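In what follows, a single structure is set out as structure tokens and then discussed.
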Amino acid sequence: MAITITVNGHQHALDVPPDMPLLWVLRDVLDMTGTKFGCGSNLCGACTVHKDGKAVRSCQVAIGDAAGSSITTIEGLDANSQHPVQVAWIKEQVPACGYCQSGQIMTAAAFLTQNPDPEDEEIVRAMEGNLCRCGQYVRIQRAVKTAADEMKTRGATTNG
Ligand code: FES
Ligand code: FES
């Protein structure tokens, strides 16, 4: 029986084994390669996407357990790639090789939705599970702070 999920607002009925990891479905079935395979073992965070608004590691989510869920990937975070986290990432020149970056951005975006005004230590804790082999951690932390400021500014503009 087909498994139905919504990815970036589009519904898909998939004829795949229920134990296939969501990451495989995204990359190999739906051809959405923005989400990266790093370890496949819940160790690096490169595969992070949002499932019903929460950051999850797509290598650890069986597609059968995602049935009926709404998934957001880096391709769908913002229609114009202008999410405050993406804007901050460019401003702070975060990416080096880029491989870990979609996972970093998806983790940061979900975190700031839950905690729009984080302390520095909270940012470190929220992001520490996302590994960066290029060692861009200082820039990542700075960019999360910048994104929080950008979100406040947009909120003030929207509300004012
Ligand atoms: S690929 Fe999923 S945590 Fe590393
Ligand atoms: S930018 Fe290269 S792994 Fe993070």
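The values are calculated or read from the model by the stated rules, or taken from the named source; none is laboratory data. Since this is a predicted model, take the numbers as computed values, not measurements. Neighbour counts run over all protein chains shown; Cβ positions are idealised from the backbone, glycine included.
Considering only region 23-35, I want to know if a residue exists there that is surrounded by fewer than 17 Cβ atoms within 10 Å (Cβ to Cβ), among the hydrophobic types (A, V, I, L, M, F, W, C) and assigned to a loop (DSSP other than H, G, I, E, B). Looking for residues that are surrounded by fewer than 17 Cβ atoms within 10 Å (Cβ to Cβ), among the hydrophobic types (A, V, I, L, M, F, W, C) and assigned to a loop (DSSP other than H, G, I, E, B), one finds none in region 23-35, hence no.
Kindly establish whether Gly38 is over 13 Å from the mean Cα position of the chain (by Cα) and either loosely packed, with under 14 Cβ neighbours inside 10 Å or in contact (Cβ under 8 Å) with a residue 24 or more places away in the chain (or both). Yes; evaluated as a whole, the condition is true for this residue.
So which residues in region 115-137 are closer than 17 Å to Gly45 by Cα and without any contact (Cβ under 8 Å) to a residue 40 or more places away in the chain, if there are any at all?
Restricting attention to region 115-137, the residues satisfying the condition of being closer than 17 Å to Gly45 by Cα are 123-137.
Matches in region 115-137: Ile123, Val124, Arg125, Ala126, Met127, Glu128, Cys132, Arg133, Cys134, Gly135, Tyr137.
Among residues of region 55-114 being part of a helix (DSSP H, G or I) and charged (D, E, K, R), the one that is nearest to Lys36 (Cα to Cα) is Glu75. For Gly155, the conditions (1) surrounded by fewer than 14 Cβ atoms within 10 Å (Cβ to Cβ); (2) modelled with pLDDT of 95 or more all hold with the exception of (2). Residue count for region 1-35 satisfying the condition of being within 13 Å of Asp65 (Cα to Cα) and among the charged types (D, E, K, R): 1.
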